[in-house]
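Undergrad: I have a structure here, written as structure tokens, and I will follow up with some questions on it.
The values are calculated or read from the model by the stated rules, or taken from the named source; none is laboratory data. Small disclaimer: the values here were computed from a predicted structure and weren't measured. Cβ: placed from backbone, ideal geometry, glycine included. Neighbour counts: every protein chain shown.
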């Protein structure tokens, strides 16, 4: 049991604070830039449109060319700083609304209508590679060639007989406390038992689990063992670096099949986080599939942050799963503050997933600072079995 | 006449600023912590519920056990900082919604469900004593044993034949300018004559009063003398340290009996103030009593701060007493700024109540800093008569 | 072509930042204080009313006496700092709502009801001269006697057969980027061609103009030359120091006569700008005049800043002229940031109006700092012809 003293020293306070930093000139920002990050849902950027996004404290323009390809370039025109997403798309390029400067997906300026033709060659804005996978847009913001696009749990997303459901929320807090929450199976027994707990409450026992954690080639394997009647439930999270978490969760209604869901806690900047979820739901009957899609469509507009005051006054959404569990996590995590004050926390044995995560992050930060190579994260050779039961008497 | 130069020196600016500070590590914060403070209305915390409050720059959880007893503990769980008021009450204790840590009213942790039983003994959060009196919850946030609960004007609240009415507003300004306003009888002739003045305007003459001030064992006795036709009206405020003010005010309708009201200007932090009012209304007929209660119920939701823009544009509530006088004070005091700039003020003879208040505050601050005992404030031996008339020819 | 390097030195960053400052103790603030500034529309201050205004980072009270004369005095009462506009007007003076101190239009205190009569003589608040012209209120905030009220293009406003239309918006950005926009004819070909362009889009060709700039006795003469079919259109802006711009623009409907409009980009403070427009519309028929006035009445409430989110999401007002062009400029200029970051811009030949403006501003700032007299700005001897056509074959 690692215990951090409540009167943590100034040095420890500084170490804890550095874990939460996301900008490119910080060590943790450099660690984060070693990975592919999901930034938006594919459906949120139609062909021929652009939107402003923010990721790792950088302002960016995400646009989809008229041919359907997605690009990610800097937020502002090099000329006089107007926001590019307020311009328009021409073919596979974006044009600034102010004076018509045009850029391609590599950030190269290709036209400056009121200047001498040819002179645009020297003008360039930032740009990052993107790829779409399963309805989610990912980018790599580091230096050099991107790593293999390998860490997503492909066995969940590319299964036969499942269909995919994507969701996104933006929360006003640092990414690390959302990531820590995903390595903390104990909170399920309290935060997610509040109010109406629906199918999730039925299926995941309220009893406090025994938890254990192990570093893997891809991240951390979390195991939570709970007694359920005469059986023992073993629930595993396949957690991939730096913040992706794949678990199984029950369906919306009792009796619905369980689905695998991957949650990413993407750092917008030090004070905001995008939560992107990708669910792989087993297809059953056409009617049941359609009902599940309708339910997810209804949930689409729900962002817990829009209901902040009512949630903190104890009024939760009347919902069996997605909105409710999201709202419960929101109250727990936003309640820790915009950036949780880790100097006055009191970690115990049940928090060893959090302690392990921090140790690994510090190790990888240390590698950046001393010039050692980072751990070569790679997909698990064999995806973990996410749920199982053993009999007490086994 | 004490006059403070408009071009007050840096040192004087510093002295004035220190009067407005409320945190525990400031001298004024220490002076304030020598007293009981009202923090909430009893009716605002039902049995089995919790709410977040803030007092003297400290974040706190106010909850009422299922048996009805009120407790005041720190805002956050010791474990990982989640806000305790978002949890739930069990018996006389509060349980955190995140991992179920439980605390009693003394701040002692009594259960950590995922940790070794018994280990919770060393975990404790802050807590302050509370008491309820006349529908108002008070707390003492100082060190050592609390002083006698003695300064409230009991003769007003515990009279035979009166019933009590409580109200609360929260304003975005420092407490001191609200307190200074209560030692400034002159403003009644201007601020409270604006717009529709109703019974209050009828009963309190617009003529500028002669004011005088005297330090008492409990605070300051303020006397305002006004001619009213052939008579002379003598209106007294029984002002108790550090900010409680008891006066008489007319009823809602002309002819209604006057009532005694105590107003407290409670420092939430340096930039916010709770105004809590406790009125003792003489019971007349059941119908009139019911009408007065109905009127106060209607006023319950009114907080001047919610009407900021319209008030500063000159649109006052159409109300004979409570909302109107509150709104008038709001415009005068918020108009001074969040923390009034006292270095460019121009005090005159009519402001001698304010000057006296500051002199006493500085004296008590000096006692804290030099280790001298504070003045042993105690209730007046004989409550002042708050209103009287003398004939001119007397 | 003046080009400012993207990696501008710290010194250049400082020079650029100083251009945007407005407070009285800054050099640019002193340059701005050499001129008359429009601050409000006449119709916004009825006789016997007061309002709070802010100009060049100073808070002020603008009021109109019961006799109709406008005055501009400090925002706060000298006594205890309450905002004077929340008081009331008596004759040609304003009385504070808190304790009734009264001030005349020169800022002289004339009454302190609770103090010894006569003692008010030594109390005075700030005041600035004002004048009304064509439905707009102007003030001079500099030291010494005001300059001649001479720079407004009188030939536009005082024409026979025109009627005047005034508008005002307040935007959350620095005045300089709004001023720079008015010396940038190129943006018309892009920003104002977005969405529905109406009569303006028809009349001003989308083709990128040839632009040229010349310093005049009053400011800068901007010429934009565009081919329009077989003709060449020559559009001139008569730009007066420090930010007034007179141009011709088409009417609301195709075929309506063009009108001369002067736009001022008035610095509220470093982060806010008032845009005041004064249009001189040729009177045609009573019906057409009435229709135009109705249209402007409808536009009166429109402030682009109230529609910020929808504008940045690409939803423009369904309007042929005033609201649409305002919204387009809003997106371009607010998109540059609250104070545009000029250190990372990339100016070209088409930006030479902006370069000229900055050079002149730096020259005038230098005069202030070295004690040299400023340029004696004066009205053009002959107002420029604002629009003309020449045949290609001419």
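A quick yes/no check of all residues on (1) touching a helix residue (DSSP H, G or I) at 6+ places or on another chain (Cβ under 9 Å); (2) free of Cβ contacts under 8 Å to residues at least 60 places away in the same chain; (3) under 28 Å from residue A:175 (Cβ atoms):
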{"residue": "A:249", "(1), (2), (3)": "yes, no, yes"}
{"residue": "A:256", "(1), (2), (3)": "yes, yes, no"}
{"residue": "A:262", "(1), (2), (3)": "yes, no, yes"}
{"residue": "A:277", "(1), (2), (3)": "yes, no, yes"}
{"residue": "A:288", "(1), (2), (3)": "no, yes, no"}
{"residue": "A:299", "(1), (2), (3)": "yes, no, yes"}
{"residue": "A:310", "(1), (2), (3)": "no, yes, yes"}
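Undergrad: I'd like to know if segment B:153-169 contains one or more residues that are modelled with pLDDT under 90, in a loop (DSSP other than H, G, I, E, B) and under 18 Å from the mean Cα position of the chain (by Cα).
TA: Yes, some residue in segment B:153-169 is modelled with pLDDT under 90, in a loop (DSSP other than H, G, I, E, B) and under 18 Å from the mean Cα position of the chain (by Cα).
Undergrad: Filter segment B:276-306 down to the residues that are within 14 Å of another protein chain (Cβ to nearest Cβ) and surrounded by fewer than 17 Cβ atoms within 10 Å (Cβ to Cβ) and list them by number.
TA: Passing the criteria: only B:306.
Undergrad: On the basis of being within 13 Å of chain B (Cβ to nearest Cβ), out of contact with any helix residue (DSSP H, G or I) (no Cβ under 6 Å at 6 or more places or on another chain), under 30 Å from residue C:303 (Cα atoms) and without any contact (Cβ under 8 Å) to a residue 40 or more places away in the chain, does residue C:100 make the cut?
TA: In short, no.
Undergrad: I'd like the full set of residues that are touching a residue at least 24 places away in the same chain (Cβ under 8 Å) and touching a strand residue (DSSP E or B) at 6+ places or on another chain (Cβ under 7 Å), limited to segment A:66-87.
TA: A:66, A:70, A:71, A:72, A:73, A:74, A:76, A:78, A:83, A:84, A:85, A:87
Undergrad: If you check every pair at least six apart or on different chains, which have Cβ atoms under 6 Å apart with a residue in segment C:196-222 that is modelled with pLDDT of 60 or more first and a residue that is part of a helix (DSSP H, G or I) and surrounded by fewer than 20 Cβ atoms within 10 Å (Cβ to Cβ) second?
TA: C:206/C:193; C:213/C:352; C:213/C:356
Undergrad: State whether the residues of segment B:342-354 include one that is in contact with a helix residue (DSSP H, G or I) (Cβ under 8 Å, 6 or more places away or on another chain) and closer than 27 Å to residue B:42 by Cβ.
TA: No; the residues of segment B:342-354 include none that is in contact with a helix residue (DSSP H, G or I) (Cβ under 8 Å, 6 or more places away or on another chain) and closer than 27 Å to residue B:42 by Cβ.
Undergrad: Still on this structure, please answer the following. Taking residue B:360 and the conditions (1) more than 9 Å from chain C (Cβ to nearest Cβ); (2) within 30 Å of residue B:254 (Cβ to Cβ); (3) in contact with a strand residue (DSSP E or B) (Cβ under 7 Å, 6 or more places away or on another chain); (4) modelled with pLDDT of 95 or more, which numbered condition does it fall short on, given that it satisfies the others?
TA: So the condition that residue B:360 fails would be (2).
Undergrad: Which condition from (1) more than 9 Å from chain A (Cβ to nearest Cβ); (2) assigned to a loop (DSSP other than H, G, I, E, B) is the one that residue B:81 breaks?
TA: (1)
Undergrad: May I pose another question? Examine segment A:348-364 for a residue that is part of a loop (DSSP other than H, G, I, E, B) and closer than 25 Å to residue A:208 by Cα, and state whether such a residue exists.
TA: yes
Undergrad: So, in segment A:318-341, of the ones that are surrounded by fewer than 18 Cβ atoms within 10 Å (Cβ to Cβ) and more than 21 Å from the chain's Cα centre (by Cα), which residue ends up farthest from residue A:179 (Cα to Cα)?
TA: Only one residue fits best here, namely A:318.
Undergrad: In segment C:134-188, which residues are surrounded by fewer than 20 Cβ atoms within 10 Å (Cβ to Cβ) and free of Cβ contacts under 8 Å to residues at least 60 places away in the same chain?
TA: If the condition is that a residue be surrounded by fewer than 20 Cβ atoms within 10 Å (Cβ to Cβ) and free of Cβ contacts under 8 Å to residues at least 60 places away in the same chain, then C:144, C:145, C:158, C:160 are the ones that fit.
Undergrad: Would you confirm whether or not segment A:103-110 contains a residue that is in contact with a helix residue (DSSP H, G or I) (Cβ under 6 Å, 6 or more places away or on another chain), under 14 Å from residue C:190 (Cα atoms) and crowded, with 22+ Cβ neighbours inside 10 Å?
TA: Checking segment A:103-110: not a single residue is in contact with a helix residue (DSSP H, G or I) (Cβ under 6 Å, 6 or more places away or on another chain), under 14 Å from residue C:190 (Cα atoms) and crowded, with 22+ Cβ neighbours inside 10 Å.
Undergrad: Which one is nearest to residue A:193 (Cα to Cα) among residues in segment B:51-78 that are crowded, with 20+ Cβ neighbours inside 10 Å and facing another protein chain (nearest Cβ under 9 Å)?
TA: B:77
Undergrad: Among the residues of segment A:376-390, which ones are out of contact with any strand residue (DSSP E or B) (no Cβ under 6 Å at 6 or more places or on another chain) and touching a residue at least 60 places away in the same chain (Cβ under 8 Å)?
TA: Hits for segment A:376-390 are A:377, A:378, A:379, A:380, A:381, A:383, A:385.
Undergrad: Which condition from (1) surrounded by fewer than 22 Cβ atoms within 10 Å (Cβ to Cβ); (2) in contact (Cβ under 8 Å) with a residue 40 or more places away in the chain is the one that residue A:25 breaks?
TA: (2)
Undergrad: Report the residue count in segment C:84-97 for those that are facing chain B (nearest Cβ under 9 Å) and touching a helix residue (DSSP H, G or I) at 6+ places or on another chain (Cβ under 9 Å).
TA: 5
Undergrad: A further question follows. Can you name the condition, by its number, that residue C:273 falls short on among (1) more than 18 Å from the chain's Cα centre (by Cα); (2) modelled with pLDDT of 95 or more; (3) over 15 Å from residue C:319 (Cβ atoms)?
TA: Here residue C:273 meets the rest and fails (1).
Undergrad: Of the residues in segment A:109-124, how many are assigned to a loop (DSSP other than H, G, I, E, B) and within 10 Å of chain C (Cβ to nearest Cβ)?
TA: Final tally of qualifying residues: 6.
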